[in-house]
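Written out below as structure tokens is the structure these notes cover.
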């Protein structure tokens, strides 16, 4: 399980270790994040779904993998769980590092089993409603972000799925998004 010299792995990524898990969720080893992802080994990750006061889901555009093709709509907060870190702490860290928001009252919505489609992640989905957010605010004023209402999200997923990341399509299908009322998330 060596890192090849052809694989670009930063020293910061090498220092961050995640626990490699078996299919039952038992830790087997600790390895660098980049190597775990490269080998698609089972590990824990978190994703945060953010909603505004009207129950609209916040998404932002991200470059496609390998930088080819159009940008894709995706969730803004996603991260592996580092060795020794709780799920809640990982979600709080991911939200802080990606959007500059601090929130400790996120609710665990669902846990997804690892599969090749989701990068072999034990994916733990958290949700957070931020009533002080407005549709015009976005997160940190990003130009390529948007709050999708249920009908807009349904249309995006149904008619424009090529504009959505594969990770978010899988997540939306598993969670049966859009859900009717997200105001009390």
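Numbers for the structure displayed
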| quantity | calculated |
| --- | --- |
| All positions within region 79-92 that are in contact with a helix residue (DSSP H, G or I) (Cβ under 9 Å, 6 or more places away or on another chain) and not in a loop (DSSP other than H, G, I, E, B) | 79, 80, 82 |
| Only listed residue being at pLDDT 90 or above, surrounded by 18 or more Cβ atoms within 10 Å (Cβ to Cβ) and in a helix (DSSP H, G or I), chosen from 95, 123 | 95 |
| Hey, residue 100 without any contact (Cβ under 8 Å) to a residue 12 or more places away in the chain and surrounded by fewer than 14 Cβ atoms within 10 Å (Cβ to Cβ) or not | no |
| Count of region 150-173 residues which are crowded, with 16+ Cβ neighbours inside 10 Å and either modelled with pLDDT under 80 or touching a strand residue (DSSP E or B) at 6+ places or on another chain (Cβ under 7 Å) (or both) | 8 |
| Cross-chain or 6+ apart pairs with Cβ under 7 Å, region 64-77 first and closer than 19 Å to residue 95 by Cα, then part of a loop (DSSP other than H, G, I, E, B) and modelled with pLDDT of 90 or more | 73/165; 74/165 |
| Sole residue being farther than 18 Å from residue 169 by Cα and at pLDDT 95 or above, chosen from 86, 4, 11 | 86 |
| Pairs where the first residue, in region 23-48, is at positive phi and the second is outside any loop (DSSP other than H, G, I, E, B) and loosely packed, with under 15 Cβ neighbours inside 10 Å, C-beta under 8 Å, 6+ apart | 40/116 |
| Strands (runs of 3 or more DSSP E) fully within region 18-78 counting 3 or more residues that are modelled with pLDDT of 95 or more and crowded, with 20+ Cβ neighbours inside 10 Å | 43-51, 57-62 |
| Count of residues meeting criterion [out of contact with any helix residue (DSSP H, G or I) (no Cβ under 9 Å at 6 or more places or on another chain), at pLDDT 90 or above and either in a strand (DSSP E or B) or crowded, with 19+ Cβ neighbours inside 10 Å (or both)] in region 130-149 | 2 |
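The values are calculated or read from the model by the stated rules, or taken from the named source; none is laboratory data. As the structure is a prediction and not an experimental result, all values here were calculated from the model. Ideal geometry is used to build each Cβ from the backbone, glycine not excepted, and the neighbour counts take in all protein chains shown.
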